[in-house]
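Notes to accompany the following structure.
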Amino acid sequence: MEIDKNIRLIDLTAGQFVELMTSTIKENEKTVIKELPKFITVPQLAELTGYSVSTIHQKNCKKEIPGCKKRDGRVLFDTEIILKWIDIDSVSKPTRDEQFVLLEKNFSKRKVKSINN
């Protein structure tokens, strides 16, 4: 059902409001996921999950973390798979917005380091 974007919120039914919010959230998630890198590193995963780097390595050895790839001697994790895993697996997980803020902060630091070197 198409909702007129110029209609006042007060004139929407509860169902129309929920539909509007759901579609808006889905559009925003798709945009943010496209902006994230395909893979994250062990330290980035540690920051995102709250686990220590050594715990990430232990869990990875036990195959408890999905989406692991080895590239050029580095352990990397598929970002999309990890975000889904966090949604399913984590008890006290950060919200999706917090996850994206953590990832963005970490990648910004990395860009600054590479520019300075």
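List of remarks:
- The single condition among (1) at pLDDT below 80; (2) within 18 Å of Lys105 (Cβ to Cβ); (3) of a type outside the set (Phe, Trp, Tyr) that Leu20 does not satisfy is (2).
- Scanning segment 60-80 for residues that are loosely packed, with under 15 Cβ neighbours inside 10 Å and either touching a residue at least 60 places away in the same chain (Cβ under 8 Å) or in a helix (DSSP H, G or I) (or both) turns up Cys61, Glu80.
- Top-ranked residue in segment 38-89 [being out of contact with any helix residue (DSSP H, G or I) (no Cβ under 7 Å at 6 or more places or on another chain) and small (Gly, Ala, Ser); ranked as modelled with the highest pLDDT]: Ser54
The values are calculated or read from the model by the stated rules, or taken from the named source; none is laboratory data. Since the model is a prediction, treat every value here as computed from it, not as a measurement. As a convention, Cβ positions derive from the backbone with ideal geometry for all residues, glycine included, and neighbour counts pool all protein chains shown.
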